[in-house]
Amino acid sequence: MTHRLGTLRGLLVAAAMATTLVAARSWAVDTTELADPHLQARYLALTHELRCMQCQNETLADSPVELAADLRHQVRDLLLQGKSDDDVRAWMVARYGDFILFRPRFSLRTAWLWLAPGVALLIGAGVCWRIVRGRAALVDTDTDPVGEDAAQTRDARG
Amino acid sequence: MNRFALPVALFAALVVVLAIGIKHSPQKGMIVSPLIGKPAPQFSLPSLGDPAHAVTSADLKGRWYLLNVWGTWCVECRAEHQMLIEARDTHAVPLIGLDWKDDDARAHEWLAQLGNPYETVAIDHSGSTAVDFGVYGAPETFLINAQGIVVYKYVGPLTRDVWTQEILPRLPAHAAGKS
């Protein structure tokens with residue numbers, strides 16, 4: 001009985017999930033489908049990492065404005081022409097500047113952006129190391145017995 | 001050494017860095033165009049006045065012009081229109097309109113009602129020329145020199161301040177050209 005119920009519940013969950021997926025697909029801003037699944041994957045990746053210049057905090061894929069639709073068509077056309085992902089990015093940057101890339105390129109100007117987290121981590125590690133070293137040094141100067149040692153000392157005394 | 005010296009110094013350094021960033025940040029929402037100092041994109045578009053006639057970047061070469069991207073659907077364009085008329089009347093530089101993704105009949109109506117500040121208007125139905133110019137919101141205005149190089153770009157309705165402080169000083173004495 002419980003087994004049957006389990007199966008039923010599983011089916012219901014699956015049906016609910018399928019409905020959600022279908023609904024999400026039909027509500028999506030961008031319903032472009034490229035015949036080649038490989039191109040489709042690249043298309044989705046690119047439109048998710050290019051900025052909609054009009055809304056500025058949305059990707060091309062998520063933005064409902066007309067300019068985003070025009071730029072998505074450009075991405076599709078460039079891919080269909082056999083352009084590489086980097087070609088598509090360069091095409092966009094030539095017109096809209098680095099700002100269109102949600103993932104900034106590494107350059108002299110963006111170096112601090114990419115390196116700052118690593119530098120912060122190193123500083124943090126340095127501070128950590130100093131604190132640990134400082135505490136370790138304290139043990140030598142601490143003459144009070146602790147824990148088991150203290151019990152042994154007490155026994156010996158007793 | 002005081003144990004607070006290092007954190008305070010780091011904090012102070014951060015304040016300085018952020019202050020520099022805020023001071024030098026471009027106007028809010030203004031994105032520096034990568035086209036500045038580069039040749040303006042090539043285009044050949046039908047003219048609004050005479051669709052059989054083409055407005056081309058090649059024909060415009062040889063003199064300075066102000067390319068103004070507009071559309072009748074664009075609310076802010078109405079706000080700048082009076083300034084465009086004023087700019088035309090100074091005869092400082094010819095204005096070329098780029099009617100972006102618009103309806104021709106509406107565009108004619110708009111110019112008849114509000115006055116036509118443009119020497120010529122190119123029609124960009126598909127929006128592809130606007131995209132080549134990196135346009136992301138009308139109105140946008142580009143100052144292009146006689147060599148066809150983009151000298152300056154302004155995003156938003158053209159104001160008297162922008163006209164007198166940014167555009168006029170960039171023009172050579174003889175920019176008015178033939179019209």
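All of the numbers you see were taken from the coordinates with simple rules; none came from a lab. The structure displayed is predicted, hence computed values, not measured ones. Here Cβ is always computed from backbone atoms with ideal geometry, including for glycine, and neighbour counts include all displayed protein chains.
Okay, here's what the table says:
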read-out: Proxy reagent accessibility, fewest Cβ within 10 Å first, across A:ARG9, B:ARG106; value: A:ARG9, B:ARG106
read-out: Sparse-neighbourhood loop sites, trypsin sites (Lys or Arg not before Pro) in segment B:1-82 - DSSP loop, at most 12 other Cβ within 10 angstrom; value: B:ARG3, B:LYS28
read-out: Tilt relative to chain B, helix B:104-114 - C-alpha long axis, 0 to 90 degrees, to 10; value: 80 degrees
read-out: Under 5 Å, built H, 5+ apart or other chain: amide partners of B:GLY127; value: B:LYS101
read-out: Residues B:CYS74, A:CYS52 arranged by fewest to most Cβ contacts within 10 Å; value: B:CYS74, A:CYS52
read-out: Exposure proxy order (Cβ contacts within 10 Å, fewest to most) of B:SER128, B:SER57; value: B:SER128, B:SER57
read-out: Neighbour net charge for B:ARG160 - beta-carbon separation under 15 angstrom, K R +1, D E -1; value: -4
read-out: Gyration tensor (alpha-carbon) shape descriptor, the protein assembly as shown, a/c threshold 1.5; value: oblate
read-out: Amide H contacts under 5 Å for B:TYR152, placed H, 5+ residues apart; value: B:LEU143
read-out: Sequence-distant residues sharing a close amide H with A:THR59 (under 5 Å, placed H); value: A:CYS52
read-out: Phi-based couplings in Hz for segment B:85-94 (Karplus 6.51, -1.76, 1.60; Gly and Pro marked x); value: 4, 4, 4, 4, 5, 7, 6, 6, 7, x
